[in-house]
Structures are given as structure tokens and as C-alpha cells.
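Here's the structure, in C-alpha cells; my notes come after.
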Amino acid sequence: MEQKRILITGASGFIGSRAVDKALELGYETWAGIRPSSSKVYLQDERIRFIDLNYGDKKKLKGQLREFIGKNGRFDYIVHCAGITKAIRKSEFDKVNFEQVRNFADALVETNAVPDLFVFMKGGKLPESIARLPVYHPSPNRGLRSARQGLPDPDASREKRDGCGCRIQETDSHVHLYR
């Protein structure tokens with residue numbers, strides 16, 4: 001079986017770095033999406049591959065995705081942990097946690113780079129465009145729920161879409177990737 005490729009954005013953060021560890025443990029080709037200025041203190045494993053994506057500029061982001069796909073193929077899974085938890089102005093918070101997520105979702109669709117599963121790990125409002133992706137949005141105290149309306153059992157629908165039977169779960173302090 002071909003090795004699955006996973007991108008974990010915000011990989012230098014607490015949840016992202018643990019998701020990277022688990023993806024490596026499961027044998028995925030693991031890509032850590034981080035900014036050049038981000039700390040790699042928790043990302044020391046030599047198997048980790050790094051990528052810096054420009055979520056703020058959709059045109060550049062689309063070019064980056066096309067270049068990546070041309071060299072490596074698309075990501076099978078994306079766990080999106082990138083974002084900010086604090087900002088001086090609400091507009092800055094919304095720019096990073098809403099507008100840049102929308103750019104990412106749009107760019108994935110417009111470059112035919114939609115993964116088999118997109119896990120959105122941040123709270124808050126989801127952009128409408130993200131509904132075009134196979135998204136799961138972990139919700140504390142409720143387990144996984146689909147970002148799309150009308151899917152009552154996201155784990156069951158996930159099994160139908162993915163022949164490898166991969167599941168991703170979040171608890172209050174851990175991210176679990178299961179094969």
C-alpha cells in the first residue's frame with residue numbers, strides 16, 4: 001500500500017506538534033506547515049518535511065499548491081491547526097482564523113488539491129467555502145462532528161470514503177490518529 005501523505009498546519013504549536021508525532025508513528029509521509037520564523041523545538045524528527053504556505057495571498061497559495069502537487073502529488077489528509085488564539089484587534093483575529101482558512105479552502109478546490117479528509121482544529125465560525133471540502137470539525141465535549149450539515153455519523157461516513165479506515169479524534173488535550 002502506498003504511503004499516505006499528511007499536512008499538519010500550525011505544526012509548531014501544542015496540538016499540531018502532537019499530531020505530527022502521531023502521524024509519524026502511523027507511518028505517514030508527514031509535512032509540517034510552519035512559518036520560517038516558527039520554532040522547530042518539538043519538530044526534530046528527521047522524517048518531518050517542512051512547507052511554508054502563504055494563506056494570506058490566495059494567488060500565491062494556489063501557485064505553491066500547484067508546485068507541490070507537480071513534485072509530490074496531493075495531500076491525502078490535512079489537519080489544519082494553524083491560527084491565533086489572541087489578537088489586539090478582532091479584525092486581525094478574523095483575518096487569520098477566518099479569511100486565511102477561506103483562502104486555503106478555495107485554493108485547495110481551485111487547484112484540484114482537495115484531500116480525502118480536511119480536519120479543522122480551530123473553534124469559531126467556518127467559512128462557507130470550507131463546505132466544499134470533506135471536513136471534520138472536532139468539537140470539545142461532542143467528539144467529531146461534520147462541518148457539513150446533514151451527516152449524523154461522521155465516523156461512519158469517513159469509513160465509507162477512505163479505504164484505509166483512518167480515523168482522527170480529538171479529546172481536550174490530545175489528537176488521536178487511528179488506522
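The values are calculated or read from the model by the stated rules, or taken from the named source; none is laboratory data. Only a predicted model underlies this, so the values are computations on that prediction, with no experimental measurement involved. In this analysis, Cβ positions are derived from the backbone assuming ideal geometry, glycine residues included, and neighbour counts consider all displayed protein chains.
General observations
- If the condition is being surrounded by fewer than 18 Cβ atoms within 10 Å (Cβ to Cβ) and touching a residue at least 12 places away in the same chain (Cβ under 8 Å), then the stretch 42-57 contributes 42, 45, 47, 49, 50, 51, 52, 56, 57.
- All told, residue 114 meets the bar of being hydrophobic (A, V, I, L, M, F, W, C), surrounded by 15 or more Cβ atoms within 10 Å (Cβ to Cβ), at pLDDT below 95 and over 16 Å from residue 20 (Cβ atoms).
- Where a residue in the stretch 83-109 is surrounded by 14 or more Cβ atoms within 10 Å (Cβ to Cβ) and assigned to a helix (DSSP H, G or I) and its partner, wherever it lies, is at pLDDT 80 or above and among the aromatic types (Phe, Trp, Tyr), with Cβ under 6 Å and at least six apart: 100/55; 103/55; 104/55
- Pick from the stretch 20-50, criterion aliphatic (A, V, I, L, M) and touching a Ser or Thr at 6+ places or on another chain (Cβ under 9 Å), ranking: farthest from residue 80 (Cα to Cα): 41
- The set of residues in the stretch 22-60 being in a helix (DSSP H, G or I) and closer than 25 Å to residue 2 by Cβ consists of 22, 23, 24, 25.
- Residue 79 meets each of the listed conditions (1) among the aliphatic types (A, V, I, L, M); (2) closer than 17 Å to residue 8 by Cβ; (3) part of a helix (DSSP H, G or I) apart from (3).
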